[in-house]
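These notes are about the structure you will find just below.
Bear in mind these aren't lab numbers, they're just calculated from the coordinates by the rules spelled out. If you're wondering where the values come from, they're calculated on a predicted model, not measured in any experiment. Here the Cβ is made from the backbone with ideal geometry for all residues, glycine too, and neighbour counts use every protein chain on show.
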Amino acid sequence: MDINRELAHRPMASDKESFKKSIREALIHIIGKDPLNATQRDWLLAVSYAVRERLIERRMYTKRLFNQEHVKRVYYLSMEYLIGRILINSLLNMGCYEACVEALADFGIQLDEISELESDAALGNGGLGRLAACILDSMATQCMPGYGYGIRYEYGMFRQGIVNGEQIEHPDNWLRYGNPWEFPRPEKIFPVHFYGHVVTHREKGQTRYYWEGAEEVIAMANDYPTPGYSSKNANNLRLWSAKATRDFNLEYFNEGDYIRAVKEKAESETISMVLYPNDATASGRELRLKQEYFFVSASIQDIIDRHEHLGYPITELPEKIAIHLNDTHPAIAVAELMRLLLDAYRLDWDTAWKVTQGVFAYTNHTLMPEALETWPVSLLERVLPRHMQIIYEINFQFLLHVRRTFPGDNDLVRRLSLIDEDGGRRVRMAHLAVVGSHKINGVAALHTQLLKETLFADFYRLWPERFVNITNGITPRLWLNQANPKLAKLISTHIGQDWCIDLGQLRRLEPLAQDREFLARFREVKRQNKVRLARLIHKTTGIQVDTNALFDVQIKRMHEYKRQLLSLLHVVHLYNRIRFAPEEPHVSRVAIFAGKAAPSYVRAKQIIRLINDVAEFINHDPAVAGRLKVVFIPNYDVSTASVIIPGADLSEQISTAGTEASGTGNMKLALNGALTIGTLDGANIEIREAVGEDNMFIFGLRTDEVSQLRAAGYTPREVYEHNAHLRLCIDMIRDGFFSPSEPQRYRDLSHHLLSVDHYMILADFASYVAVQEQVDALYRDQEAWSRKALFNTARMGYFSIDRTVRQYAEHIWDVVPECWI
Ligand SMILES: *Cc1c(COP(=O)(O)O)cnc(C)c1O
């Protein structure tokens, strides 16, 4: 018998009949249901299994290819992946959507109905996690040998409910009905240690370090194959779950303390239990530190294992792999790799450090102080004693270098140190990430410039060549092709389908801006998407909205810097204008908000409540009926974003200049033909360059004006006193106009605005209102509006994540594509 022939494998077919066979077999043999009485959810699972079989084959062939070709690999370490639903995305990427629709139709099942039952994989907070998901999609699409590593949270981002206008958080039990997309690998396990102490021995004239008495937790791999669009490659996302070392601690068990044995097992497994729901704030909790180290340690062990199994020497790590740190959450990896190289491989310090620096790169996502991770030295010493020693040594060597380069500048040494000595000693994780990396990038041109000028100015002086800008992008597969099939079809009938993998092709739509018939069709697509969005609004809030009205959309995490309050003040202003001048021909608007607040972020939750109170009041006032509506769509996630974005007319990107690193929601909306009203912040600046300033509404203070005003002493109360419209809006909120049952409800919030207003909402109000008037004026001319909207869609090619990933590959990772077939 020819064993190789027996083991040989031909890929499964993906035509309609093959799908029918797979679906029927999965239903009966995996799910165990009779097709005659299977539920919609059973069919969803069955079809998911049919896709999964084909997915894992692509993964197998891709893996073989990478091993055969000895490719250089890139490992993307991220605490978060905001993926959304997987079924439709996989079908579209693998090119078998139609076959699957038809196969199910023969069983009397509608794919678009059952696909709604799938839970979002919401293992992330917002933009940072969504960027990671887009990067995975792009790496597979472009055949990059890229691996994602993260945590398999049992509970992802909380589900947001709105009760009496307030946010309530429900646990996200996304695994309840089983998860057909993961391949648990119970044999792929690594020990991860916490606590204990370090023992030193002198051996052959060398000091050796042993980390002893530590607690052990097991990290178990769960693999999510991720298919590329149009490519046949599938990459791997490996998510770790925590397991107790042994199911029972035998000691306690034998002593008869069964309960204690089980309790300790449960406690070890809490590490991967839940995603921290803080967006853009550091959490500082011990469990969070343990999560970070847990997934970093398992990933680094796995990476080194693969490297060795492929037969490469440990000192050749930088030739064969790149490791990317998505923000500082995985920055402890720098100390972990050093620990393994020093203590397990017994490399000398300088060799180990050179390898480490050659491997790591780091993306910074924010300049805001509250988001910068620092860990108390005392906590690190207790949880990761050996790592703390290594961090001290890295710092010692680094500061030696600083002193040699800039002799006598002690203040510089204090500023650059990995240890912040002010107010309790803390390790600055961003400094560890910078010192340990050969490349550091910001995520938009302005952000990178500000990194060089402010947060990392001293580092930039030391190592200017390490800093690069790589502007974020989004995947056109999800955010245009999948989320907006009507627009995708209209585009493809004119320029073919290549735009999906070459978004620059959209430029070929530009000449159609002069074609009135095309513009009418473009408008009709928008109208149909607004109908779809109106249905979502009705289903989730009970509110009826007029699809002829301008859909004004602000969807993103609730954060003071993002200034949802500024658009809300404008809504109140519009309300007053309509009330006081009903005879004027006002443009009808629907102000649409969505976004979650961190459960502990009291002011952000108050803003949600205020939006809902204002909505409740305005939506029931006959004085503005048919002219103004306000809605807050609950539970903003990837799936709701996919419905809201195609139906948006106006995209609110109004953060205080200098605070939003890039934004990616801005890109999704512009790509889908929404006009942006925005500040010169983050990627808005580059979007303006791309689409043209005539096709965007820019307002407000610039970054330098914000800092100047702050330095000069900003007094929001003066702005308030000099603007009667603004004064009226704030007075109404402050005095309980929108909260008559509890008039004091927004006193503190209003007082904060009048006395502090850190994000300068009042300073930008007048300019914002003026530009909103231009928005109204343009909206009256539907053809002119849709022409500008088309210029947005046509000129957003630069913001494809494929361009972003190619820049990472070329300027940071030094990896090249390798396509299967
Ligand atoms: C894109 C996206 C974000 C990021 O939006 P910004 O406007 O850039 O903050 C957050 N959440 C979800 C669900 C997204 O899809």
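Counting other Cβ atoms within 10 Å as a rough exposure proxy, the listed residues R532, R710 run R710, R532 from fewest neighbours to most. In a simple Cβ point-charge model (Lys, Arg +1; Asp, Glu -1; nothing else charged), the chain has a dipole of about 680 debye relative to its Cα centre. Fully extending the segment from H725 to A766, taken as 0.36 nm per residue of separation minus the present Cα-Cα distance, adds 13.9 nm. Counted over the chain, the DSSP beta bridges are approximately 45% antiparallel. Label separation (K204 vs D502): 5.8 nm, computed from points 7 Å beyond Cα along the C-beta direction.
Label positions at T454 and Q40, each projected 7 Å from the Cα along the C-beta direction, are separated by 4.8 nm. Centre-to-centre, using Cα atoms only, segment 90-143 and segment 423-442 are separated by 36 Å.
If R₀ is 45 angstrom, what is the calculated FRET efficiency for the pair D2 and I314, using the beta carbon separation as r and rounding to 0.05? Write down the numbers at each step before the final one.
Numbers: r = 38 Å, r/R0 = 0.85.
After rounding to 0.05, the efficiency reads 0.75.
Computed 3J(HN,Hα) for segment 401-413, one whole-Hz value per residue from the Karplus formula 6.51 cos²θ - 1.76 cosθ + 1.60 where θ = phi - 60°, is 4, 4, 5, 5, 6, 10, x, x, 8, 6, 5, 4, 4, glycine and proline marked x.
Spin-label pair T270-H752: with each label point 7 Å from Cα along the Cα-Cβ axis, the two points sit 2.9 nm from one another. Amide H contacts of L680 (H built 1.01 Å from N, in plane; Pro and chain starts excluded): F699 sit under 5 Å, all sequence-distant by 5 or more or on other chains.
For Q708 and S283, FRET efficiency with R0 = 30 Å and r from the beta-carbon atoms, rounded to 0.05?
Values: r = 33 Å, r/R0 = 1.11.
In this case the efficiency is close to 0.35.
How would V71, V631, V334 line up from fewest to most surrounding beta-carbon atoms within 10 angstrom?
Numbers: V71 17, V631 25, V334 29.
Arranged by neighbour count, lowest to highest, V71, V631, V334 become V71, V631, V334.
Per residue, the convex hull spanned by the alpha carbons of segment 258-340 comes to 128 Å³. Remark: segment 498-511, residue by residue, has Karplus-estimated 3J(HN,Hα) of 4, 4, 4, 10, 8, 5, x, 4, 4, 4, 5, 7, 3, x Hz, where x stands for each Gly or Pro and the curve is 6.51 cos²θ - 1.76 cosθ + 1.60 at θ = phi - 60°. Residues T715, T200 in ascending order of nearby Cβ atoms (within 10 Å, fewest first): T200, T715. Segment E116..Q514, full-extension length gain: 139.4 nm, with 0.36 nm per residue of separation and the alpha-carbon distance subtracted. Rounded to the nearest 20 debye, the dipole magnitude of segment 521-638 is 520 debye, with +1 charges on Lys and Arg beta carbons, -1 on Asp and Glu beta carbons, and the Cα centre as origin.
Counting lysine pairs in segment 213-306 whose alpha carbons fall under 16 angstrom apart, excluding pairs fewer than 8 residues apart on the same chain, gives 4.
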